[in-house]
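Encoded as structure tokens, the structure appears first; notes follow it.
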Amino acid sequence: IDDGIVDPSPFLFLQPRTGNPLTANSVYQIVSRCCYKYKQKKTNPHLLRDMIVTHVRKNGDASEKELEALALFMGHSIQMQRDSYDRRTLEQKVSPAVKLMQDMNSLGGGGIL
């Protein structure tokens with residue numbers, strides 16, 4: 001009976017015409033073309049990885065555990081990730097501490113600042 005269901009494959013991404021698994025080069029070409037199509041910029045896997053980590057770190061809403069997991073997933077240590085991908089200025093890095101101290105002063109009637 002032809003029920004329209006294709007035999008299951010152990011691969012997630014298959015080539016539409018052949019049904020063979022996509023190669024690393026195929027994925028690279030697809031990602032490169034899509035990036036160029038939508039952003040008119042050439043990219044490569046390393047640059048895409050750099051953009052993802054920079055975006056996650058810049059947003060500041062990822063927990064330390066999430067950043068560590070991302071670093072390990074990418075084959076980095078958390079320290080290497082911090083050193084390589086943290087693009088914040090010194091002012092951006094210390095602003096959470098300044099805000100914390102200001103909040104503590106406003107609650108406690110002064111004392112720290």
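The values are calculated or read from the model by the stated rules, or taken from the named source; none is laboratory data. What you are looking at is a predicted structure, and each value in this text was computed from that prediction instead of being measured. Methodologically, a virtual Cβ is constructed for each residue, glycine included, from the backbone with ideal geometry; neighbour enumeration extends over all protein chains shown. Calculation scope for accessible area: heavy atoms of the full protein, side chains included, ligands and nucleic acids excluded. Shrake-Rupley method; radii C 1.70, N 1.55, O 1.52, S 1.80 Å.
Apart from one condition, Y28 fits all of (1) in a helix (DSSP H, G or I); (2) closer than 19 Å to R88 by Cβ; the exception is (2). Would you point out the residue of the stretch 38-68, among those that are among the basic types (K, R) and part of a helix (DSSP H, G or I), that is nearest to Y85 (Cα to Cα)? Only one residue tops the list, namely R57.
Counting only residues that are at pLDDT below 85, surrounded by 10 or more Cβ atoms within 10 Å (Cβ to Cβ) and either hydrophobic (A, V, I, L, M, F, W, C) or in contact with a Lys or Arg (Cβ under 9 Å, 6 or more places away or on another chain) (or both), the stretch 1-26 holds 2 of them. hydroxyl-bearing (S, T, Y) and touching a residue at least 24 places away in the same chain (Cβ under 8 Å): does that describe T54? In short, yes. Every test in (1) under 21 Å from H46 (Cβ atoms); (2) open to solvent by less than 60 Å² (accessible area, probe 1.4 Å); (3) not basic (K, R) is passed by N105 save one, and that test is (1).
Taken over the stretch 13-37, the residue count meeting the criterion of being within 29 Å of R82 (Cα to Cα) and more than 18 Å from the chain's Cα centre (by Cα) is 2. The residue that is most open to solvent (accessible area, probe 1.4 Å), among those in the stretch 33-77 that are within 22 Å of T23 (Cα to Cα) and of a type in the set (K, R), is K42. For the condition among the small types (G, A, S), at pLDDT below 85 and in a helix (DSSP H, G or I), what is the one hit in S84, S95, S106? The match here is S84.
Of everything in the stretch 78-97 that's in contact with an Asp or Glu (Cβ under 9 Å, 6 or more places away or on another chain) and open to solvent by less than 70 Å² (accessible area, probe 1.4 Å), which residue is farthest from R49 (Cα to Cα)?
I78
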